[in-house]
1. Given +1 on the Cβ of Lys and Arg, -1 on the Cβ of Asp and Glu, and no further charges, what dipole in debye does the stretch 6-100 carry about its Cα centre, rounded to the nearest 20?
2. Please give the contour-minus-distance gain from Y72 to S22: 0.36 nm per residue of separation, less the Cα-Cα distance, rounded to one decimal in nm.
3. Report the calculated FRET efficiency for L82 and T46 (r = Cβ-Cβ distance, R0 = 22 Å), to the nearest 0.05.
4. Excluding K21 itself, calculate the net charge of residues whose Cβ lies under 12 Å from the Cβ of K21, where each Lys or Arg counts +1 and each Asp or Glu counts -1.
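Bear in mind that the values in this text are calculations on the coordinates, not laboratory data. In this text, all values refer to a predicted model and were calculated from it rather than measured experimentally. Here the Cβ positions follow ideal geometry from the backbone for every residue, glycine too, while neighbour counts run over all protein chains shown.
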Amino acid sequence: MLHSSGVDLQHMPIDVLKIDKSFIDDMLSSTQQRAVVKAIVQLAQTFNLSVVAEGVEDQEQREALHQIDCPYGQGYLFARPLSEPDAFALIPKTAPFAAMA
């Protein structure tokens, strides 16, 4: 398991910060958990990182994440796990990386 301080984030070669599903699961029932998720989003924005919420399973979670400016999510709300060909079939041919398929 990797543990990191905010100072370490400045020096890591990363551009995306993912919020673990365990945080997303409890954010609707706990104001403290929602505050943690919001703090993670704000931290990512401070370091100019994209932020992705894992485990978004319903519209209520999606809306709560939108309200705290989390721009990206992944989870069953959007799609079940897909094979590589099925995933690429969902990507528009105009997407910048679609040519890599």
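1. On the way: 7 positive and 13 negative charges, 39 e Å.
Charge dipole, the stretch 6-100, about its Cα centre: 180 debye, nearest 20.
2. Numbers: separation 50, 0.36 × 50 = 18.00 nm, distance 1.64 nm.
Gain on stretching Y72 to S22: 16.4 nm.
3. On the way: r = 33 Å, r/R0 = 1.50.
So the FRET efficiency works out to roughly 0.10.
4. On the way: positive: K18; negative: D20, D25, D26, E54, E57.
Cβ neighbours under 12 Å give a net charge of -4.
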